[in-house]
Amino acid sequence: GEIMSLRPEYANVVDGKGGIVIVPATNIPVGSIVSVRTGDKCPSDGVVVEGSSTVDESSLTGEARPVEKRAGDEVSGGSINVGSQQLVVKTTSTVEDSTLSRLIQLVEEAQAN
């Protein structure tokens, strides 16, 4: 359904040299540094380590207004960077353990009953 489309397929992982490596989102270990550019979805839950931008979390929280995020703020997997700047995020969960995945599981269970 619609909620499944929130889960990003790929993520832009920042390698040790400052370059970007595109990897399947499900392969990102906890503690990875990922680049979330304008229009990109955050692959998993994490903490902003660099940049400030606005993030659309409406699909997760129902909050219609985009939320300002800056270094030190938590972001949820599936939220979308709608601001003008890239966010650099350190992941704190795997894609499977993210808030979004738990939400998808709940929806799927509810639809099955």
Is it the case that some residue within the stretch 10-27 is among the basic types (K, R) and within 22 Å of E96 (Cβ to Cβ)?
no
Spans of strands (runs of 3 or more DSSP E) in the stretch 38-113 with at least 1 residues under 14 Å from A11 (Cβ atoms):
46-50, 87-91
Modelled with pLDDT of 95 or more and either more than 14 Å from the chain's Cα centre (by Cα) or open to solvent by 40 Å² or more (accessible area, probe 1.4 Å) (or both), is that true of D73?
yes
Tally the residues that are under 23 Å from G83 (Cβ atoms), in a strand (DSSP E or B) and not β-branched (V, I, T), restricting the search to the stretch 14-37.
1
Can you find, within the stretch 76-113, the residue that is surrounded by the most Cβ atoms within 10 Å (Cβ to Cβ) among those that are free of Cβ contacts under 8 Å to residues at least 12 places away in the same chain and either in contact with a Cys (Cβ under 8 Å, 6 or more places away or on another chain) or of a type in the set (A, V, I, L, M) (or both)?
L106
Taking I3 as meeting all but one of (1) modelled with pLDDT of 90 or more; (2) not in a strand (DSSP E or B), write down the number of the exception.
(1)
Among the residues of the stretch 14-55, what is the count of those that are among the small types (G, A, S) and open to solvent by 70 Å² or more (accessible area, probe 1.4 Å)?
1
Criterion first (open to solvent by less than 40 Å² (accessible area, probe 1.4 Å), among the small types (G, A, S) and either without any contact (Cβ under 8 Å) to a residue 12 or more places away in the chain or not in a loop (DSSP other than H, G, I, E, B) (or both)) does A11 satisfy it?
yes
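The values are calculated or read from the model by the stated rules, or taken from the named source; none is laboratory data. All values derive from a computational prediction rather than experimental measurement. Cβ atoms come from the backbone with ideal geometry, glycine included; neighbour counts cover every protein chain shown. Just so you know, the surface numbers come from the protein's heavy atoms only, side chains and all, with ligands and any DNA or RNA stripped out. Shrake-Rupley method; radii C 1.70, N 1.55, O 1.52, S 1.80 Å.
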